[in-house]
1. Out of D:Leu10, D:Leu6, report the one residue that is exposed (fewer than 15 other Cβ atoms within 10 Å of the Cβ), touching a Gly at 6+ places or on another chain (Cβ under 6 Å) and modelled with pLDDT of 75 or more.
2. Can we say C:Gly78 is facing chain A (nearest Cβ under 8 Å), surrounded by fewer than 21 Cβ atoms within 10 Å (Cβ to Cβ) and within 29 Å of B:Ala158 (Cβ to Cβ)?
3. Output the residues belonging to region B:26-68 that are more than 11 Å from every other protein chain (Cβ to nearest Cβ) and either surrounded by fewer than 16 Cβ atoms within 10 Å (Cβ to Cβ) or among the hydroxyl-bearing types (Ser, Thr, Tyr) (or both).
4. Out of all the residues in region B:212-240, which are at the interface with chain D (Cβ under 10 Å from one of its Cβ atoms) and over 19 Å from D:Arg43 (Cβ atoms)?
5. Could you check region B:120-141 and list, in sequence order, the residues that are more than 10 Å from every other protein chain (Cβ to nearest Cβ), of a type in the set (Val, Ile, Thr) and within 15 Å of B:Pro171 (Cβ to Cβ)?
6. Say whether the condition of being β-branched (Val, Ile, Thr) and not in a helix (DSSP H, G or I) is met by at least one residue in region B:117-126.
7. Among B:Leu145, B:Leu135, B:Leu108, B:Leu140, which is among the hydrophobic types (A, V, I, L, M, F, W, C), assigned to a helix (DSSP H, G or I), more than 15 Å from the chain's Cα centre (by Cα) and within 27 Å of A:Ile175 (Cβ to Cβ)?
8. Identify, from the list A:Leu197, A:Leu201, A:Leu188, A:Leu174, the residue that is outside any helix (DSSP H, G or I) and over 27 Å from B:Ala154 (Cβ atoms).
Amino acid sequence: MQFCARLLRRQLLLAVRRPLEIGNPLLFFAMVVALFPLGLGPSPDTLAGFAPGVLWITALLSNLLTSDGVFRSDFEDGSLEQLLLAPQPLFLSVLAYIGAHWLTTGLLLAVVSPLFALMLNLPVQGIAALVASLLVGTAVLSLVGGIGAALTVGLKRGGMLISLLILPLYMPVLIFGSAAVQAAVGGLPVAPYLAILGAMLCLAIALAPLAMAAGLRISIDA
Amino acid sequence: MWPIFHKFGSPPWLYAISGAILRWLLPITLLALVTGMVWGLLFTPSENVQGNSYRIIYIHVPAAVVALAGYYVMAFAGAISLIWRMKMADVAMKAAAPVGAALTFVALFTGAVWGKPTWGTWWVWDARITSMLILLFLYLGVVALYEAFDNKEAAGKACAVLSLVGMVNIPIIYKSVDWWYSLHQGASIKFTGETSIHSSMLYPLLLMIAAFYALFTCCLLLNMRAELLQREQRTQWVRKLINEDVVN
Amino acid sequence: MPGEISGSPVLAARSLCLERGGRELFRDLSFDICGGQLWQIEGANGAGKTSLLRILCGLSRYGFGGRVERRAPLLYLGHQSALKALLTPRENLALHVSGDGRYAGHQIESALARVGLYGYEDVASHTLSAGQHRRVNLARLLLSDAALWLLDEPFTAIDKAGVQELQALLGSHVAGGGAVVMTSHQALDVPCDVRYLNLGAGQRA
Amino acid sequence: MYFDSLQAALHMGGHGFFVWTAYAVTVVTIAAILITPVLRRRRFLRQLTGQLKRAQGAADPSAPGER
């Protein structure tokens with residue numbers, strides 16, 4: 001575990017050294033949210049109707065945008081090969097990579113999302129549910145995105161392929177995530193949706209690293 | 001390890017046995033398909049509610065059922081190739097993917113065409129049709145990933161991992177789409193009331209489902225034979241095979 | 001194949017065969033690597049030297065026949081320098097992904113000094129030259145206590161003095177009971193005797 | 001037969017167009033997935049046979065048969 005902590009510190013240090021890169025998903029989130037009023041018309045009540053779905057889909061897309069690069073930089077300079085040769089179990093080390101990715105993207109998205117919720121005129125009672133569902137949901141998205149990243153890291157033109165591979169796996173998270181926010185807006189209890197998201201998170205934490213470890217070994221060997 | 005399991009792994013034996021199976025399975029499949037279609041199209045009474053458009057059930061439901069089963073076959077073959085490192089399972093997985101994708105497309109197209117007369121719109125976001133669409137994306141994901149790798153050995157392993165991940169996710173996707181459909185649709189109108197189907201309509205449906213399963217097996221074996229030749233082209237048994245072909 | 005066992009076999013390879021792009025690179029290659037031995041893998045370009053090294057260290061697990069048994073921790077240095085340009089040499093070594101273990105600050109400094117990077121410890125790596133990148137990678141040889149070293153062309157981009165020093169290091173490692181398997185196009189003058197594994201011989205189209 | 005005439009079978013009370021297009025697409029797809037592997041295998045065999053002949057031809061130029 002102590003090796004995981006060191007890996008996590010390394011990844012966060014790398015992310016901090018390039019602060020602009022942390023800003024990319026947030027800027028992407030802001031811009032896409034700004035697109036929707038232009039497309040759907042400025043009237044507040046139509047926007048309020050679409051707000052939960054729009055916010056969640058934008059968060060999902062910005063997560064997808066960044067998940068491709070999780071292993072790529074280490075693959076290019078050879079550190080990934082060293083990681084595979086480390087005596088520590090690979091699927092724990094991979095969790096450190098995904099944890100760092102989540103901290104630099106998912107967490108920040110959740111923290112910033114109330115601002116965009118207000119821009120889209122989301123009723124105030126929905127904001128707490130939005131932040132909670134985003135916190136749990138983006139963790140699941142990062143884990144599943146990691147699988148796609150591990151499988152396509154060795155490919156020269158893997159960028160577009162990763163979205164085809166993992167978007168179908170993102171859909172259940174989107175369904176329950178936006179449903180949670182819609183329930184909060186409608187005054188219904190949010191707990192069951194968050195519970196299901198939590199269950200997905202547990203499943204993802206248990207199974208995704210195994211697939212990632214296998215994917216990395218295959219990509220390195222190709 | 002059981003001897004039969006390993007014998008199944010040797011390419012020439014598999015090539016010969018698949019040829020033998022196909023020789024009698026292919027005609028049976030074609031016969032079953034033709035009789036099922038003619039029976040369903042022309043000889044069953046029309047349904048009181050939907051009139052004759054329900055006849056599409058005879059190709060929509062079997063295609064959907066076999067497409068889903070095909071994904072599990074592919075994932076299972078992938079698991080075998082990953083765990084026991086058997087090349088033949090890898091070939092079976094590679095062969096199953098395009099056939100499954102084609103059947104999913106058939107299920108989707110017939111579902112959409114069926115929606116027009118009964119629902120008035122070409123595309124209905126019905127729970128099962130949407131899950132079928134996601135299944136098609138999963139299939140295309142596997143096929144695209146296989147093509148993206150240059151080294152075919154690694155491609156097979158990567159697709160095995162992806163199909164296993166997909167297999168774990170299919171029940172989640174189906175349940176969440178069903179749940180999503182019931183949330184927004186209020187009372188969920190059953191698209192095709194399978195259980196309440198009249199016996200005279202049920203028999204052709206069962207025949208068609210069996211015919212589609214047989215069709216899937218035939219296509220799988222045919223694809224495997226073609227794939228086997230390509231992968232084993234430098235071996236002796238392929239050369240011997242060619243010489244026999246050249247001679248006769 | 002050399003039979004006498006001077007130390008316990010650190011690595012045992014049995015009937016390795018590899019085929020790439022229709023060409024048979026090597027077939028039925030079996031050998032034991034024991035402590036106190038230095039192996040140099042020779043062969044023309046494309047003879048499969050790097051592939052053999054990757055098979056020995058366990059990076060490639062599919063696509064080749066035969067078995068490899070590794071009985072000691074190993075250190076593999078590939079073509080790439082496995083160095084993060086954003087981190088300083090000190091951080092690169094302290095937080096290295098190969099999971100050897102916690103290196104104390106002074107260990108890192110002495111290792112970097114011995115590979116001629118004294119004073120560069122806290123300079124951002126992207127300002128260093130490619131040769132210096134590889135030297136940071138070589139510093140890991142001093143830090144790690146792995147018995148078996150698998151080095152892929154360690155002399156590339158290293159100047160004359162560095163090559164001399166590295167050869168001395170290899171000699172002392174082998175003398176201390178460690179084992180080295182390396183690929184290189186340069187002739188080695190190393191204090192210990194060198195065993196050659198020629199892949200050219202094994203290559204039958 | 002349920003329908004009294006061919007014309008009625010084609011018309012199917014207004015739904016004929018949809019039913020028949022659905023069946024047509026299904027039959028075409030089934031034919032495609034059955035035939036493509038056979039064609040692929042046959043084309044590959046032909047190509048391999050040619051390769052082998054050329055290899056034999058190169059090995060002993062005295063071999064009979066067209067060059």
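The values are calculated or read from the model by the stated rules, or taken from the named source; none is laboratory data. In this text the structure is predicted, and so the values were computed from the model without any measurement. Counting neighbours? That spans all protein chains shown, and the Cβs are built from the backbone with ideal geometry, glycine included.
1. D:Leu10
2. Yes; evaluated as a whole, the condition is true for this residue.
3. B:Pro27, B:Ile28, B:Leu31, B:Thr35, B:Asn48, B:Val49
4. Within region B:212-240, B:Phe212, B:Leu215, B:Phe216, B:Cys218, B:Leu220 qualify.
5. Once the filter is applied, which keeps residues that are more than 10 Å from every other protein chain (Cβ to nearest Cβ), of a type in the set (Val, Ile, Thr) and within 15 Å of B:Pro171 (Cβ to Cβ), region B:120-141 yields nothing.
6. Scanning region B:117-126, I find at least one residue that is β-branched (Val, Ile, Thr) and not in a helix (DSSP H, G or I), so the answer is yes.
7. B:Leu145
8. Only one candidate qualifies: A:Leu188.
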